[in-house]
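Structure, as structure tokens:
The values are calculated or read from the model by the stated rules, or taken from the named source; none is laboratory data. This structure is a prediction, so every number in the text was calculated from the model and none was measured. All Cβ positions, glycine included, derive from the backbone under ideal geometry; neighbour counts span all protein chains shown. The area values use the complete protein model at the heavy-atom level, side chains included, leaving out ligands, DNA and RNA. Shrake-Rupley method; radii C 1.70, N 1.55, O 1.52, S 1.80 Å.
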There are 4 protein chains.
Amino acid sequence: MCRFLAYSGEPEFLSDLVCAPTHSLVHQSLHAAEAKTETNGDGFGIGWYGERAEPGIYRDVSPAWSDENLVNLCRQVRARTFFAHVRAATGTVTSRANCHPFVHGRHMFMHNGQIGGYHRIKRRLEALIPDALYDGRRGTTDSEALFLLALANGLEQDPIRAMAETLATVRGLMRAAGISEPLRFTALLTDGEWLTAYRWACDGRPPSLYYRQSETGLVVVSEPIDGCREGWRVVPKGGTLRARRGEITLAEGPRRCRR
Amino acid sequence: MCRFLAYSGEPEFLSDLVCAPTHSLVHQSLHAAEAKTETNGDGFGIGWYGERAEPGIYRDVSPAWSDENLVNLCRQVRARTFFAHVRAATGTVTSRANCHPFVHGRHMFMHNGQIGGYHRIKRRLEALIPDALYDGRRGTTDSEALFLLALANGLEQDPIRAMAETLATVRGLMRAAGISEPLRFTALLTDGEWLTAYRWACDGRPPSLYYRQSETGLVVVSEPIDGCREGWRVVPKGGTLRARRGEITLAEGPRRCRR
Amino acid sequence: MCRFLAYSGEPEFLSDLVCAPTHSLVHQSLHAAEAKTETNGDGFGIGWYGERAEPGIYRDVSPAWSDENLVNLCRQVRARTFFAHVRAATGTVTSRANCHPFVHGRHMFMHNGQIGGYHRIKRRLEALIPDALYDGRRGTTDSEALFLLALANGLEQDPIRAMAETLATVRGLMRAAGISEPLRFTALLTDGEWLTAYRWACDGRPPSLYYRQSETGLVVVSEPIDGCREGWRVVPKGGTLRARRGEITLAEGPRRCRR
Amino acid sequence: MCRFLAYSGEPEFLSDLVCAPTHSLVHQSLHAAEAKTETNGDGFGIGWYGERAEPGIYRDVSPAWSDENLVNLCRQVRARTFFAHVRAATGTVTSRANCHPFVHGRHMFMHNGQIGGYHRIKRRLEALIPDALYDGRRGTTDSEALFLLALANGLEQDPIRAMAETLATVRGLMRAAGISEPLRFTALLTDGEWLTAYRWACDGRPPSLYYRQSETGLVVVSEPIDGCREGWRVVPKGGTLRARRGEITLAEGPRRCRR
């Protein structure tokens, strides 16, 4: 399990959301309150949209709480849209390539959750990813595999339907392998313009997901960064949040996979 | 604050004490029970005596819980005397040179504690270390500075008196600088033959220290590695434990510095 | 391309062969003389047989020339059989999991060479590795894939035939994909007892391979470690060297793949 | 010895100067042409001025040629003034804190050269740095010590006089210690507005330094980044280059220290 944060709105310095708040993501890397694991020290990553269509990313394997480069970059980078992620590994090694967010062209993706029994279906899951996308696979995580398969399923055109299909496929592989552990999937996707937040689990217990909207922007987080719940709303279980330029839509979905 | 373990006795694989037990040191790196901080993820180190007079050491900046090299080495290395340490940094950077244990010739030292207000007396403390020893300073921690100053004070000849003098000197610097934070010092020293364990603090609150003796060897730890207290004895506050080939002596000291 | 060294004989400290000689492997990491690339700074690894059936390994991503842990371990570890490798990456990332040697049970493998056009056949090559072995894949290199496929082909029972079959299969994939770059394969395999050295390339230009035998042991290297050629013999192109307890056999092979 | 690059002018992406050119700084990290060492693989750093008065920096210990984060950041960051540095260590460890550039408030500094016999005067040199500045010392290099001492000597007010004084002091320490190795100092300083380039050595053999001025900006480099000399001018030995908004002044200096 992991913790993450996404922002979309008026340009903000990353440090104002990622490092400075009382219960910032950097603080959560050591003291997460609502996660299965309190410590999220198996690497981290940030991604942001600057002057190019493709996002910049900085990922490293050290714990977020002790990385000077992270503090420094967050102080310098100001962006309309950015992601930040601290990782608690679930069975795959700590390497840069296994840190979130993952990038494909203009798209950026990060995940908090787990494919139960992943190692037993890894081969079959990877076999479903087309060659061209598989070439871009850099790490070994279930999260990156989900992202690549969803891209193959049309994530760039229809984020909700494509992800629903992807999760249905994975559930199929899990059932075929007789896996009883759950598939849990709380995740964020963006192309720098649209933001899509997913919260779903096959056992009805997806990781937490909150959002807070103000006049200047939208923040989506694993847990409130100010240590209190005021002003924060929950993304409902089994639901999806879509946002663009201050407009927010909550919908059901990924539908086909609901319990 | 940190967590550590020392062993002296019949040759043992490091893994049997450092990795395997329920509440092993590797487990404590993520879930320490009796420390100020639960997470000790700012690097780690092991040191052992093999075929040479000088100990081997392996230190790295990643958290102990995710380092494959550590697991691998602990499985291979078997030794009569070894140290292991997981670090929670207290104001100095995470770097290999700041990880314990520290080695000087045949001597090896590791520390759990802190010089209160260290940054305000760092210069003066370092100025007291003779050139020849200062040349061997690789990091920036208070722990390494204490070790080097104690070496200058005769640590190799008389570990108890030399450390008492060192702590008295540091307390003097602290008082002169008007520092009110405490000096806390739970530490271990060995030359591969003798083992010396210190537990002292100027405010009477030194970090925890336990030992367990069996027919085959002595284990000294920050906290019991089996998750229970049975068979473990406490090194008294303000006390010193000296051991060699199964002979254990508990003494008062470092004397001059007692409250 | 990379540089490596293997030893089999009376117990030797690794430092005496890996670090100390004039043109040691550590020196070759910065100044290789017979390699395509002078610098081999994309990580390194050592592997040795101690008291367990499975070898110990230590691998890291820093250049060998600046790693204190490597120097320290090589000074401490003494073994009858050991491998050492410095890496120059050929298209895959610098990560611990991509560093040689690779271990499977009692077997240890390292490679200097390259599958031409690897990225175009990676998928198909990986698909040939059985699930049980694929589960152990930690990195993304062609070298690890070759090792796993050879294991599937019976490497543990018949190192020469299994590798010949493996290389034939890979050549088949390359031809099917219309790849014109060569397959070059200079490699070493051991189970702690038997040592097998391969030197083959589909274009007749495999990386260099030398050996030197004395009363106390056998050293196999990419290039002589004393900077001169005296006492060193070349493993012929297209040939295989097999050794065990001082007995050396040179044979043709891997046969089916010869030009 | 090291290699570096500085830019001042119309906003440019770092990648256009640091990564893209034929003989870019990243290329020089593996194949420097005019340096004592061809390989500069002991870490790297970039520094740039964005929206804050203080520069952003990103430094790491891996070789520049294999760091994905470096490529990624250089593609995203566009700045009016930036530094980039690849390091070849001369006796001090490879750590982030030993990588250039060094930052103090708005000032940024990087160095290519060496204090001969540094270890013999390190203590005395450090003793001359005032407490407030010494608190900011993070690493152990001669370069950082020179920067801090120069700051104490008024570097922010008068870069040329302050550095001259600093170099004279260091030469004094060297003479007192009977050191015969030379002091060589090719360096760059900026506050985001003014750029100062120094090229001096007590033996008349300072590392190379070139500059190229166009309508849009000034580039100062250890060696030409396009692999040819056309359009590049040499900063004379014993000279100083000062630049601000397209205005360049070449002067003698650091005067007092000239041979």
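Structural remarks
- The translational diffusion coefficient of region A:1-149, from Stokes-Einstein at 20 °C and 1.002 mPa s with a Kirkwood hydrodynamic radius over alpha carbon pairs, comes to 137 µm²/s.
- Quarter the surface of the alpha carbon convex hull of region B:1-53 and you get the mean projected area, 4.4 square nanometres.
- Convex hull volume per residue for region D:69-196, taking Cα atoms only, in Å³: 107 Å³
- Computed over every Cα-Cα pair of region A:51-114 and binned at 5 Å starting from 0, the pair-distance distribution P(r) comes out as 3, 15, 26, 26, 18, 9, 2, 0 percent.
- Interatomic Cα distance distribution for region A:121-246, bins of 10 angstrom, percent: 12, 39, 33, 14, 2
- Pseudo-label separations to other copies for C:Pro11 - Cα-to-Cβ vector, 7 Å, nm: 0.7, 6.5, 6.5
- Computed over the protein assembly as shown, the range of Cα coordinates on each principal axis works out to 72, 70, 64 Å, biggest value leading.
- The accessible area of B:His119, taken with all protein chains in place and a 1.4 Å probe, comes to roughly 90 Å².
- Of all lysines in the structure, those lying under 26 Å Cα to Cα from A:Lys237, and not within fewer than 8 positions of it along the same chain, are A:Lys36.
- Once D binds A, the 1.4 Å probe can no longer reach about 2000 Å² of accessible area, counting both sides.
- Averaged over peptide B:90-102, the number of partner chain Cβ atoms lying within 10 Å of each residue's Cβ comes to 3.
- Of the listed residues C:His104, B:His23, C:His111, the order by accessible area with a 1.4 Å probe, largest first, is C:His104, B:His23, C:His111.
- When every Cα-Cα distance of region C:140-214 is counted in 5 angstrom steps from zero, the calculated P(r) takes the values 3, 14, 24, 27, 17, 9, 4, 1, 0, 0 percent.
- Centroid-to-centroid separation of region B:146-191 and region C:1-66 [C-alpha atoms, Å]: 40 Å
- When nucleic acids and ligands are ignored and a 1.4 Å probe is applied, D:Ser214 ends up with an accessible area of around 70 Å².
- Among A:Val234, B:Val93, the order of accessible area from largest down is A:Val234, B:Val93, computed with a 1.4 Å probe on protein heavy atoms.
- Scaled against the 2.2 N^0.38 Å expected of a compact globular protein of N residues, the Cα radius of gyration of region C:3-257 reads 0.93.
- Ascending list, in nanometres, of distances separating the C:Pro236 label from those of the other copies (7 Å, Cα toward Cβ): 6.6, 7.8, 7.9
- Residue and distance (whole Å) for the chain C Cβ nearest the axis that superposes C on A: C:Ser95, 3
- Principal-axis tilt of helix A:159-176 within chain A, Cα atoms, nearest 10 degrees: 50 degrees
- Within 10 Å of each Cβ in A:75-84, the average number of Cβ atoms from other chains: 3
- FRET efficiency estimate (nearest 0.05) - Cβ-Cβ, A:Glu34 to C:Ser180, R0 56 angstrom: 0.50
- The 1.4 Å probe gives accessible areas that order A:Arg120, C:Arg161, D:Arg233, D:Arg171, largest first, as D:Arg233, A:Arg120, C:Arg161, D:Arg171.
- Taking only protein heavy atoms and a 1.4 Å probe, the accessible area of chain C is 46% carbon and sulfur.
- Using only alpha-carbon positions in region A:189-259, the gyration tensor eigenvalues give semi-axes of 21, 16, 9 Å once each is multiplied by 5 and square-rooted (largest first).
- Set of lysines near A:Lys122 by C-alpha distance (under 19 Å), chain-local residues within fewer than 8 positions excluded: C:Lys122
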